[in-house]
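Notes for the one structure printed next.
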Amino acid sequence: MLNETIEKLLVYANAHLGLDEEDITYTRNVILELCHADRPFLGEMNISELRGLKVPDQLILELRTKLISENIKSEAEVDNFIIRLMGILTPKPSEVSAKFRQLYKANRSKATDYLYDLQVKNNYIQKTAVEQNIHWVSKFDKNNIEITINLSKPEKDNKDIAKLKEIPVGEKYPACLLCKENVGYAGNSNHPARGNLRIIPLKLDQEQWFLQYSPYVYYDRHCIVFESVHEPMTISHRTVGKLLAFVDQFPHFFIGSNSDLPIVGGSILDHEHFQGGQYEFPLMKAKDLYTVRSRNPLVKVSVLDWYNSTFHLVSANKGALLDAAMKIVEGWKGYENKELDIIPKTGEVMHSTVTPIVRKVGRYYHMYIILRNNRTNEQYPDGIFHAHPKHHAIKKEGIGLIEAMGRFILPARLKRQLHIIQALYDNKLDRAKLLEEQTDLAIFTDLYETLDRLPDGANYDHAITEYVNITCREILEATGVFKTDEMGKAAFKQFAESLKL
Ligand SMILES: [Zn+2]
């Protein structure tokens with residue numbers, strides 16, 4: 001019966017979510033009423049098993065099955081209802097942030113670990129599903145690239161993302177997926193339920209911001225730091241300064257801003273936010289290519305030996321670092337080099353921006369400034385410095401900071417598609433016939449050409465993986481505004497010198 005599951009959930013919440021002993025009777029009655037149950041379960045339960053659970057999967061599955069079989073909720077309603085119940089079992093936002101602050105005073109990592117663990121235990125982060133994502137490291141001579149196929153994240157279209165900036169605020173509630181108003185939101189067919197989400201208020205340079213975890217977990221402790229008000233993203237002195245303010249409070253986390261423009265940025269441009277976490281990306285392991293002459297002895301500036309065009313700044317002095325960073329940002333926004341297709345704006349529409357990332361190593365701030373440009377032309381209607389048409393079968397979405405730092409998040413469809421393509425070659429099946437049945441496989445023309453060139457009996461599994469690896473490297477290189485050939489390198493150096501840092 002459902003009331004037995006409810007009792008199990010109360011034991012679980014008491015052990016794992018911090019549901020206070022004193023609140024159990026009250027919470028039990030609230031949930032019984034919501035589930036149309038008139039009395040609690042009084043039988044025996046395996047309490048030690050419930051206390052030993054690492055994730056709530058087994059309980060959630062049981063709850064879901066009973067809610068449907070006992071006709072409490074329909075298939076369509078049940079998932080949002082479960083989120084609501086898990087929200088009721090989780091402490092209120094104020095209690096979570098009080099506990100976070102209390103832990104923070106003793107140990108910052110304990111505070112960020114607490115929130116992460118709470119979000120796993122209350123099923124906001126579905127850890128078991130996340131662990132099923134596919135990932136591997138593709139090894140190259142200088143810099144490795146990490147590749148993941150994310151099985152839960154929907155693939156987005158850049159053109160839809162660009163449109164987001166045009167939707168008038170006030171027509172939607174919550175205005176976007178990042179707004180603080182998502183906390184406790186019931187959800188509908190267009191907007192996810194967020195009853196079990198908890199966010200932590202932060203002050204960044206006297207402004208109100210919040211921290212939350214991403215349910216998609218692209219890397220360890222993947223968090224989002226977002227502004228209290230719903231305002232479009234910007235790359236400015238104010239926002240770059242906030243990255244530095246964040247790592248002062250969370251020195252064990254990196255933080256970065258996706259750019260403020262479509263194609264080169266992330267998926268949500270209409271709400272100012274950063275992404276952070278406890279993770280060292282391939283870009284952070286890259287070596288310096290050369291040092292740029294700097295007039296300020298407090299800041300070391302170099303150009304990174306990396307696939308795209310990245311400055312690396314190191315300083316223990318925040319003010320000096322921010323000054324140098326803004327010289328680069330402003331210089332880049334005004335830089336033009338038609339020979340290299342770099343045109344910073346068309347009329348009033350900006351094309352050039354940067355992806356800034358900050359982390360702290362000891363007392364030194366490390367800032368990475370990746371130069372970006374989102375212009376399109378006839379040859380590259382999706383972006384000149386973006387994944388090119390031949391890459392779109394693998395990745396078409398905007399290349400945000402995570403990928404620009406060398407960790408690719410590829411769409412879930414690839415798992416199935418690449419598997420079928422391998423079987424097609426391994427078993428020498430009829431491609432034309434297959435493409436008639438599975439039209440979504442038609443986009444892999446470039447991959448078929450590559451595999452067609454291989455000798456009989458080739459290791460197609462390996463060849464497909466290698467193809468994905470090289471495609472990801474080529475995409476990263478395509479995002480580079482200064483190419484790594486002699487002409488590109490010379491122009492980059494000249495640009496760096498012209499900034500008079
Ligand atoms: Zn918003």
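The values are calculated or read from the model by the stated rules, or taken from the named source; none is laboratory data. Note that this is a predicted model, so its numbers are computed, not measured. All Cβ positions, even for glycine, are placed from backbone atoms using ideal geometry, and neighbour counts span all protein chains on display. We work out accessible area using only protein heavy atoms, side chains counted, and drop any ligands, DNA or RNA first. Shrake-Rupley method; radii C 1.70, N 1.55, O 1.52, S 1.80 Å.
Can you flag which of 8/66; 300/493; 99/121; 110/203; 73/415 are past 21 Å Cα-Cα?
In this structure, 73/415 lie more than 21 Å apart at Cα.
Tell me which residues come under 5 Å, amide H to amide H, from residue 140 once H is placed; ignore anything under 5 positions away on its chain.
It is 145, by chain and number.
Report, to the nearest whole %, how much of the accessible area of the chain belongs to carbon and sulfur atoms, 1.4 Å probe, protein only.
Carbon plus sulfur share of accessible area: 51 percent.
From the Cα gyration tensor of region 43-188, with a ≥ b ≥ c the square roots of its eigenvalues, which class applies: rounded if a/c is under 1.5, or else prolate if a/b is larger than b/c, or else oblate?
Rounded.
Just to check I understand the Karplus step: with θ = phi - 60° and J = 6.51 cos²θ - 1.76 cosθ + 1.60, what whole-Hz values come out for region 485-501, glycine and proline as x?
Calculated HN-Hα couplings, in order: 7, 4, 5, x, 4, 5, 5, 4, 4, 5, 4, 4, 5, 5, 6, 6, 5 Hz.
Using 7 Å Cα-to-Cβ label points, what is the residue 377/residue 249 separation (nm, one decimal)?
4.4
Evaluate the distance, in nm, between pseudo-label points positioned 7 Å from the Cα of residue 144 and of residue 186 along their respective Cα→Cβ axes.
Going by the 7 Å Cα→Cβ label model, 4.9 nm.
Can you compute log10 of I(q)/I(0) for region 422-493 with the Debye formula, treating each Cα as one identical point scatterer, at q = 0.13, 0.25, 0.26 Å⁻¹?
-0.54, -1.15, -1.20
Can you work out the Karplus-derived ³J(HN,Hα) for every residue in region 259-270? Use 6.51 cos²θ - 1.76 cosθ + 1.60 with θ = phi - 60°, whole Hz, and x for glycine or proline.
Values per residue, Gly and Pro as x: 5, 8, 10, x, 6, 8, x, x, 8, 10, 9, 8 Hz.
Amide H of residue 149 versus every other amide H placed in the peptide plane: which residues, excluding those fewer than 5 positions away on the same chain, fall under 5 Å?
Here the answer is 134, 135, 410, since their amide H atoms fall under 5 Å of that of residue 149.
Once each part is reduced to its C-alpha centroid, what is the distance from region 348-367 to region 402-458 in angstrom?
Centre-to-centre (Cα) distance: 36 Å.
Near the amide H of residue 223, under 5 Å away, which other amide H atoms are found, from residues 5 or more places off or on another chain, if H is placed in the peptide plane?
For residue 223, whose amide H was placed from the backbone, the distant partners under 5 Å are 214, 276, 277.
Enumerate the calculated ³J(HN,Hα) couplings along region 386-394 in order (Karplus 6.51 cos²θ - 1.76 cosθ + 1.60, θ = phi - 60°), each rounded to whole Hz, writing x wherever the residue is Gly or Pro.
8, 3, 8, x, 5, 8, 5, 4, 8
What accessible surface, in Å², does a 1.4 Å probe find on residue 460, ignoring ligands, DNA and RNA and rounding to the nearest 10?
About 20 Å², rounded to the nearest 10.
Can you work out the accessible area per residue across region 207-337, with the rest of the protein chains kept in place, probe 1.4 Å, in square angstrom?
31
Please compute the per residue accessible area over region 2-89 with all protein chains in place, 1.4 Å probe, rounded to a whole number of Å².
Averaged over the residues of region 2-89, the accessible area is 55 Å².
What does the highest-first list of 110-118, 293-301 look like by mean Cβ count within 10 Å?
The most tightly packed comes first, giving 110-118, 293-301.
Over the C-alpha atoms of region 73-125, what are the Rg and the largest Cα-to-Cα span, Dmax, in Å?
Cα-based Rg and Dmax for region 73-125 come out at 13.7, 46 Å.
Could you work out [θ]222 nm for the chain from helices alone, using -39500 (n - 2.57) per DSSP H run of at least four and dividing by all its residues? Round to the nearest 500 deg cm²/dmol.
Helices in the chain give a 222 nm mean residue ellipticity of -12000 deg cm²/dmol.
Sorted by accessible area with a 1.4 angstrom probe, largest first, how do 210, 281 fall?
Sorted by accessible area, descending: 210, 281.
So what are region 2-89's ellipsoid semi-axes, whole angstrom, largest first, if each one is the square root of 5 times an eigenvalue of the alpha-carbon gyration tensor?
Square roots of five times the eigenvalues give 19, 15, 13 Å.
Could you sort 198, 51 by their accessible area in this structure, using a 1.4 Å probe and putting the largest first?
51, 198
Starting from the alpha-carbon convex hull of the chain, give the projected area averaged over all orientations, in nm².
If I average the Cα hull's projected area over directions, I get 27.5 nm².
Could you tell me how far the Cα centroid of region 267-322 sits from the Cα centroid of region 73-93, in Å?
42
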